[in-house]
Every structure is written in C-alpha cells, then in structure tokens.
1. Can you work out the Karplus-derived ³J(HN,Hα) for every residue in the range B:241-248? Use 6.51 cos²θ - 1.76 cosθ + 1.60 with θ = phi - 60°, whole Hz, and x for glycine or proline.
2. Could I get the Rg over Rh figure for the range A:83-143? Both from C-alpha atoms, Rh via Kirkwood, rounded to two places.
3. Find the accessible area per residue for chain C; the probe is 1.4 Å, ligands and nucleic acids are left out, and the unit is Å².
4. Check which residues have an amide H placed less than 5 Å from C:Ile200's amide H, if you skip close sequence neighbours.
5. Summing -39500 (n - 2.57) over the DSSP H runs of n ≥ 4 in chain C and dividing by its residue number, what mean residue ellipticity at 222 nm do you reach, to the nearest 500 deg cm²/dmol?
6. Farthest toward the dipole's positive end in chain A, which of A:Tyr246, A:Val195, A:Ser312, given Cβ charges of +1 (Lys, Arg) and -1 (Asp, Glu) about the Cα centre?
7. Shielding by partners for B:356-369, please: the mean number of other protein chain Cβ atoms within 10 Å of each residue's Cβ.
8. For the residue pair C:Glu163 and B:Gln274, what label-to-label distance in nm results when each label sits 7 Å from Cα along the Cα-to-beta-carbon direction?
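The values are calculated or read from the model by the stated rules, or taken from the named source; none is laboratory data. Worth saying up front: this structure is predicted, and the values here are computed from it rather than measured. Don't worry about glycine lacking a Cβ; one is built from the backbone with ideal geometry, like all the others, and counts go over all protein chains shown. Just so you know, the surface numbers come from the protein's heavy atoms only, side chains and all, with ligands and any DNA or RNA stripped out. Shrake-Rupley method; radii C 1.70, N 1.55, O 1.52, S 1.80 Å.
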Amino acid sequence: MIFHTGVLALVAGSLIVLIMTLFSVAIALRIIIGWDITKSTAKQLILERQTYLVATIMKYVMGFQILSLFLFVYTADDIHKLFVGAMCATGSLNANPIGWSVLFAKIVIFFLCTMWLAINRVDELAEDYPLVRFKYKYLIALAPVIALEAYWQLDYFLGLRANVITSCCSSLFSDEGITVASSLASLPVGPSMYVFYGAGAVEIVLLFLLMKRPGSSPSLRYISGAWSLIFFIVSVASIISFVSIYYYETPVHHCPFDLLQKQYMFIGYPLYGSLFGGILFSMAAAVTEPFKKIDSIRTEIHNAQRRWTKISILLIIVFIIIATWPIVFSNFRAYD
Amino acid sequence: MKGNGRIIEYALSTLARRKFKNFSIAVVFSALIAVLSSILFLTHAYKTETLKLLDNSPEIILQNMSGGRHELIPTEYIKTLSGIAGVGQITPRYWGYYYDSLTSANYTLMAVDENMRDIQLIDGRMPQTDTECAVGRGVADLRQAGLKDDFFLITGAELSVNLKIVGIFTANSAILTNDLVVMTKDSLIKFFNMPADKATDITVEVNNPAEVSMVARKIRRAFPNSRPILKNELIRTYDNIFNWRGGIVLTMFFGAIAAFMIFVWDKATGINAQERREIGILKAIGWETADVLTLKFWEGAVVATGSFLTGLILAYVHVFYFNAQFLAPVLKGWSVLFPRFQPMPYIDIYQIFVLFFLTVVPYVAASVVPSWKAAISDPDAVMR
Amino acid sequence: MDAIIRTEGVSKVFNAGLADEIKAISAVSIEISRGQITVLKGPSGSGKTTLLGLIGCMSRPTEGKIFVEGKDVAKLPERFLTDVRRKTFGFIFQHFNLIRGLTVMENVMLPLYPTDIDGGQMERRMEEILDKLDLTAKRAVRVEKLSGGQQQRVAIARAMINEPAVILADEPTAHLDTKLSEDFLNIVTSLNTEGKTIVIATHDPLIYEKPYIDNIIEMRDGAVKEAALL
C-alpha cells in the first residue's frame, strides 16, 4: 500500500461515488416496481420526484468520475518516483498492471454515465417518460461496474510496493530483477498517421452525412456510433504513437499523460477534452436511435440528435486540429 | 443573459440575504480546508526540500555491516574501490551521533571534508584547527552560543572537549544542518575514540549515472559485508516517508471530514421557515423542481468555492509566512532539534486538486439529498 | 361559449389512505369561459382554493380530467405541468407571497428567471407592467417596505410578467380595506378588457356582487352547489 494523500483522496472519492450509486439503485428498484404514469397517486408523485434526485446524483457521479480519472493519472504520475525504472505515470501503472484496468474502467464508466444522462435527457422531454424502466434498469446494471472499478482501484493501490530501503538491507538487489518498462509499446509513426487521418476522415464524413440528411436510415447512425468507438481507440493509439512525440519533440517519449503537464502548456486538456466530447456526443446520438420507435419522443430525439451530431463534428475537427498542429508547425521531424 | 445565468445571479443574491446562515458552514469548511491544506503543503515542502538536498549527495554511500548492524568501515577499502571501472571520487566520511545531556538533544557530529568547503551557507568559516568547530543554527540556539563562544562536549573517554565556534550554519540549510556540529577529522576521531584506519562510511561518485547499479553490484561482490546505498533509493525512501507521514495525519482527519459531512447534511436539511417559504413561492410562480435544484447547486458551489479559496489562502499564509507553527512538530518527526526552516512558497495544482477531492466532493455529496428535499416542495403549498 | 378551461369529474384527496385523509373536492365539473371574469364563491373549506390550484396546474387531481386549452393536463408529470402553468397562468395569492429582501423589480421578474426569455425583453415587459400599475417610482424599493395595496400591485405585476392568458386570484381582498379592494377590482377589470380570462376565488360580497362578473360558480363542501351565468 502506498500511503499517499492522492491515493487516500481517490479511495475516499470512489467510496462516496459507490454510496451515491447504491442509493440511486435503491430508488431505481422502487421506480421499476411501482412506476405507473397513468396514476396520479401520491406514491407516483413521490417516485416522479425521486427521478430528479437520481438524475442529480448521476450528474455528480459523472462529474466525480471524470475528476477521479484525472486525479488517478496525476497520482500515478506523482508516485512514479517510488518505483525503480518508472519515468512517469506509465511506470506507476506498470508497477501493478491492474492500474491499467482501473484507468480503462474509469473511462468506460464515464462514457456509460454520459450515455445514461443522454437517455435520461430525451426521456424527460416526453410527457409519458417512456424510457423510465429502461433507464433505471441501465442504472442498476451500471452499479456493479462502478463497484468493480472501486475495488480494482483499491486493489491497485494496496498492491503497490514502493522500492525503498528497509532497515535490514538496501533494496537494490531484491529489485534489480524487476525492470519495469517505462514507455508504452508504440506503433510506427508513418503507418499510424495514415490510419489516424483515414479513420478521422471516415468519422467526419459519417457525421456530416447524418447532419445533412437527418432522416438517414438508423443503420447509418449505428455505424457512425460504432465508428466513433473505433476512432476513439485509434486516436488514443495515435496520441501515444506520434502526437505525443511531436509535442514533446523527442522521438522516444510517448507518454500519453505528460501532455497534461504544465511544461506542455496543458495541451492535453483541450486535446482529450475535444476527443472525449466529440466521441461522446456522436455515441449519444447513436444510443438514442432505437428509441425513435416511440412516438412520443421521436421528434425530440430527432432534434437532440441533430444538435449532438453538430457538436460532435465540431469537437472532432478541433481535436484533429490540435493533434495535427505540432506536426505541421513544429520543427521536429519524427522521420524523413 | 439566459435562464441559467439568472439563476446563478439569484443564488448569489440569496446567499447575500442569508449571510449568517451560510456563515457557519463557510467557517467550518474553511477551517477544515485550511488544516488539510496546511498538512499537504507542509509535507510537500519538506519533501521537496529534502529531495533537493539529496540531489547533491553522492551516488553511492558505502557502509560496512557486521552482525546486521552498521559498523565502521576500513579505509583500506578505498584502494580496492578505486580499481572498479567507472568509479569517480571516493571520500571517507567521519561522523556520529552525540547525546547532549545538558540540552537533552541529539547532535550530529561530523568531520569537515573537502566537499563541505563548498557549502556557502555559513556565517563565519569552517573549522581549521582541532579546537575549532562550526555548528548548526539549532545547536547554537540551544546552547545560546554565538560566534567565538566556547563549546563543550562531554564524553566518557575523555572528560570533555572544548572547542571554539568559528562558524554557524545559516537557517536556509536548517533541514540538513540544524543539529550539526562540524569539527576537524582528528578531533572527531579522538572524540569518538575511533580506530585510525576506519571511517564511518565511504562515499563513491560514479561518472556515468547509468552505471550506478552496476558499480554497486561490483562493490558488493568485492566486499560482501558492505551495504552500498544508492542516491535514488534514498530519494525513493524519503519520498515514501513523507508520503506516509502526510497520509497518516490525513487519515486522522477522515473523522473530521465525516463529521463535517454530517454537519453539512444537518445544516442543509434544517432549512428555516423563511427559506422554505421562499422555495415554496418560487415553485408556485413557475419554477420547476430542476430549476430549484440548479439554484441549490449554485448556492452550494459558491459556498464551497469561497470556503475552498479561503482555506487555501489561510493554509498558504500559515505554512509559508508563519512556518506552519501549529503543525510542524507532527510532521517533522521526533528530534528535539526541530529544524527552523522556511519552506519555499509554491503553488502545486496537483495538491489543490487532491484537496478539492478531499473536501468539496464530500461536501457536494452530503448536500445532494437535502437540496433535493427542499426542491420538491409542493407548488401549491403557499396556497394552503 | 369557448371554454379555456374545463374540468370533468375532478376530485382531490389529500393524504390518501392515511388517518388524516381529506377529500377536498369531489366530482367537480366546471367550465371557465375565455375572456370572462369568473368567481368561485364559497365559504372557507368549500374547496374553492383547491379547485383554483387544480385548474392553475399547481397540482394534479386524484381523479378526473382537466382540459387547459383543450389539452388534458390531469396526468401530466410535474415537469410538464409547470410548463403549462408558466405559459398559461398568472397567480395572485391571498398572502401576496412576495420574497422579502428583494426589490419590486426582482420580485416581478422572478417567474421568468428560469425561462429562456431574453433579458432585454424581460426588462421591457417589466417596465411596461410597472408603469401600468403605477409602481415605477417604487421599482428599486424592497417589497417589505411597501404598503399592503402596493404589495398587492407587485403581486399582480408578477402574475402578469409571463403574459398569461388566465389570471387566477385566491381571496385577493382578504387583507385589503374597501378602497384598496375597489382598486384591485379596477385593475382586474382593465386586464379583462385587454382580453385576459380572470378567475377569482372569494367569499367577499364586494367582489361577487359586482355587476360585471360574468360567471359565478358557488361551491360548498367540496362540490359545485350552483353555477350561474350572469
């Protein structure tokens, strides 16, 4: 266990999130069982009012989750000094590989929360709340994921052992065997660029088609949603493979986390912010597509999708510009 | 300005109208944040200061072990050591601890060596003859001695030595030099009654940093009883110790955070009649539950942000202008001679982020349900 | 006659199933005609305030249907009910229900704060209404410093800020002397001539005996005793 203020903050934070989620789950169960929009009984009114509470809690859970994602990365960065061979957050995560699962889970939960909020939003636009049962079942399904993430995180920190001098002997020889690779295996720069710009072009074309022809078939919407996911993965790989080295201006430094540091002008925030945002809105538009079957919210979803698609295109273009900026304008050349 | 902006404005005016109600929360919240941030700031300052000092320390410190304990090291090792490839300067060091019953404090006695002559942090000069010494600020203060004063050390072997203080280390280096007494090698050896062919430990510089562990392994092979300590290990260990101390103190504050959450919950639940009436009116004239929740969110956000900044500023002043007088004893350790050191002011985003997570997140979590309870009041309540 | 509001067999039970269950009104069917002044008359406890709240979308009936501009709002979730209320109704409460510590202007504009209406437009509306109600001089005064009559005019101004089609008043003259009550009625009639539908719940003869009242719905023990078109 690494006893560190950041670690304590993260563990306490995930405990709070977990409690809030379980609280919501209890309400969700009551709503699933007792909900009847056709009745105007006192019980129904209470349930209706509890939906506000759950929605508020979920917004906070999402907010805390994104904060905790950053805090986790920062903390991993702050404690890297404790491990032999670790140069940055990557090294700390390698020191107990479940750290990667935690990072991954935090991102997934963030996406799942925002999808929930998207569904919640369109549901609240319809007078008969047609998605009420669905969204609360979704919420109940989300709870174990949040619990698992909290557990993994605890497991990660408990499993970390600082390579320090103990009273009996120097740590040098016991740890010499474990040389932790400090940089992520990275893809070759040239091909990665083709893949990245190719995937980006497809993403933008898909979104553009959906924006121009909002009545397009649902399958195009699903394809776009799935492609957004692919583009997200390609983008993260590309940041590691070549965007990072152009920003760092060294051919060997691939750390995706250092971009968030002051010495790189905090460029990571707009970079990841626009990427996450762009993917998120595009996926929200895809996730709400099946509910267009329901009459009472068809128009509302339609309008929301148009808005979301527009925002998505904008953010993804911003993301690609930020990613491309140093490649065009810096003097650094990764290869000739 | 549209809907949300006006709700923020209204939240501000509500807070202004109910200054005193929110005052108690703000005071308690600020105090909590001030204490927590003091801990974090101070720990971090110590850590940075210590690590900065370690930066100048040699790559390898070689100790001799006997029966699992640190022993004096034969100086003849130096010959073998200089034969190892990659080894730079090798310096034997002479030092030891001395318990001064007069002032009930532990001093570190150290022989002056070449590297030390570079240290600029001194009033006066380094000792040159066997009857001279230089002392740290803390030692000088404890003994109420100044430059040119006499300095006695009492020992078993020889009844006492009488030295003249020719230098005092300045406060800037206090974390390193506070409990230090520097004398010549000969007078130290005599004082501690050390054998002439032994030193306390040996420092080894390594020309290429990448070869440090390789050199250390060769040393270990040459002298199986020795313990080479690497600078990087020292850094890691200190880092961990300071993390650990900060963590321990923080853990003790979890109770305080929990108590604060209950306090917030209680305050937020017990809204007074006037506030209840106001929310009732808002509902009646067309505010929706979500609008009232937004209002409550902004009220909370303003209180939290205000308290957070107040607490941070208080802690900053406490730690960097008043030397963390309330906390220093807890964090510095157990030495009677607390280094009187002035932490360098700094602002670290990570620390602020951690503090935010430790304080604002629990605050928000504790106020969700009470805010909601206030927001769902019946719109027609004002008509009854 | 075109009914802007219509109720069908509306009942409202408070604390249903509990020991202190109250049947406030039961099986009330009425119509409120567009552009007319309607009085809900009856002693206290007759259910007129409850009915006023129901037709004003303050809460949902336990049973029955309520049509506002032809749309049944009886089963609408609160979120949408509030929306209908914001767009259709302006309320004048018995106790004025102004927020102390806020100025006349702030109180009047308060209903529009959560809406997306443009700030400039909101202020223009407010100026216009304050001018009409002779409150311009008091615009920056805190409401608790005003006299009873002035406070009521602020309450009326607040009810008008969202440009409602219907103004609902609950016992508006209960705390006013005769002179101020007459002033109130003058304001109401002038609003009526501008085309607003007015519904007043009252047991004050000063109001329901006025010749220009179009309809009187008399209530007793939670039911309609008599509905008269005058």
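1. Once rounded to whole Hz, the list reads 4, 5, 4, 5, 5, x, x, 4.
2. We get a ratio of 1.30 for the range A:83-143.
3. 41 Å²
4. Correct list: C:Thr38, C:Val39, C:Leu40, C:Ala169.
5. Helix contribution divided over all residues of chain C: -9500 deg cm²/dmol.
6. A:Ser312
7. Rounded to a whole number, the mean comes out at 5.
8. 3.6 nm
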